[in-house]
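The values are calculated or read from the model by the stated rules, or taken from the named source; none is laboratory data. In this text, all values refer to a predicted model and were calculated from it rather than measured experimentally. All Cβ positions, even for glycine, are placed from backbone atoms using ideal geometry, and neighbour counts span all protein chains on display. For the accessible areas, the whole protein counts, side chains as well, though only heavy atoms, and no ligand, DNA or RNA atoms are used. Shrake-Rupley method; radii C 1.70, N 1.55, O 1.52, S 1.80 Å.
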Amino acid sequence: MPIIDVDGCAINVQVDGRKDAPSLMLSNSMGCSLEMWQPQMAVLTERFRVIRYDRRGHGRSAASDAGYSVERFGKDAIAILDHLGIDKTHWCGISLGGIVGQWIAATAPERIDRLVLSNTTSYIADPTNWLNRIKAVQDSGLASIADVVLAGWLTEGFRQSHPDIVASLRQMLVSTDPAAYAGCCETLSRLDQRELLPQIACQTLIIAGEHDKSTPIPAAELLKSKIPNARLEIIEAAHISNVEAAAKFTQLVSSFLG
């Protein structure tokens, strides 16, 4: 598991699968580590060289003073690809990972082959929720918001029937650097990438969760309406759909990537 220095920040990277296989980069939701993709790994590594990484201040990656903007995160991902000698990759990002994917596909289109945007958005109309979350984390830490976050990540029925998965995701969340999490919230509070969407030329799969209140179906429909070569699939899940509807999510991604 290499640690890659990106502009002075140590980024944790995991590469699995054959070196000669097509590359697929997986980009996490805010508050999660690269372990969130474990449900997909057995299938995806059969066909792809899978690159996972922990965002700044998440998992085993260091926090930094360079800020937590979408551009910063996009440049981090490109730096990882450069370090690995990968010119072009498929991209699959969930939530904030999808936001970063939009930025790369629009501003560095030569680096993205096919694009999967899952449970994500291009625009936050009302910053109130994110500003309130910043205050809660600064005042009381990440544990104070864990129940609310997990209730948005997974449906109640799934949480009740899979306590081990809930515990694992909770641990990822509370292990995140609080300043990094707050920095991501601040970025989301002013997010507006709508003007970038028509610049995304690659084939794009958008996945939305039927029960996702964080990035609801209208947000996915906006992405589809603005990205020229996009299609939308809706699955039975809340926000972390790759975990809650793992088999369907994996099937959709694997089929789309060809």
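Observations
- Qualifying position, being farther than 19 Å from ILE206 by Cα, open to solvent by less than 10 Å² (accessible area, probe 1.4 Å) and modelled with pLDDT of 95 or more, among LEU81, LEU115, LEU96: LEU81
Every residue, every condition in (1) on the phi > 0 side of the Ramachandran plot; (2) touching a residue at least 40 places away in the same chain (Cβ under 8 Å); (3) open to solvent by less than 10 Å² (accessible area, probe 1.4 Å); (4) basic (Lys, Arg), yes or no:
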| position | (1), (2), (3), (4) |
| --- | --- |
| GLN193 | no, yes, no, no |
| ILE200 | no, yes, yes, no |
| THR215 | no, yes, no, no |
| ALA219 | no, yes, no, no |
| SER225 | no, no, no, no |
| ASN229 | no, no, no, no |
| ASN242 | no, yes, yes, no |
| ALA246 | no, yes, no, no |
| SER255 | no, no, no, no |
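- Residues in segment 147-165 that are under 19 Å from the mean Cα position of the chain (by Cα), in a helix (DSSP H, G or I) and either touching a residue at least 24 places away in the same chain (Cβ under 8 Å) or over 20 Å from THR215 (Cα atoms) (or both): VAL149, GLY152, TRP153, ILE165.
- Any chance GLU236 is among the charged types (D, E, K, R), closer than 30 Å to ALA66 by Cβ and over 16 Å from the mean Cα position of the chain (by Cα): no
- Residues that are open to solvent by 20 Å² or more (accessible area, probe 1.4 Å), in contact (Cβ under 8 Å) with a residue 60 or more places away in the chain and closer than 30 Å to ARG133 by Cα within segment 202-213 comprise just one, LYS213.
Listed here are the residues, each with its yes/no results for (1) more than 18 Å from ILE104 (Cβ to Cβ); (2) in contact with an Asp or Glu (Cβ under 9 Å, 6 or more places away or on another chain).
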{"position": "ILE11", "(1), (2)": "no, yes"}
{"position": "SER23", "(1), (2)": "no, yes"}
{"position": "SER33", "(1), (2)": "yes, yes"}
{"position": "GLN38", "(1), (2)": "yes, no"}
{"position": "MET41", "(1), (2)": "yes, yes"}
{"position": "THR45", "(1), (2)": "yes, yes"}
{"position": "ARG60", "(1), (2)": "yes, yes"}
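- Filter result for ASP5 (in a strand (DSSP E or B), more than 21 Å from VAL243 (Cβ to Cβ) and open to solvent by 10 Å² or more (accessible area, probe 1.4 Å)): yes
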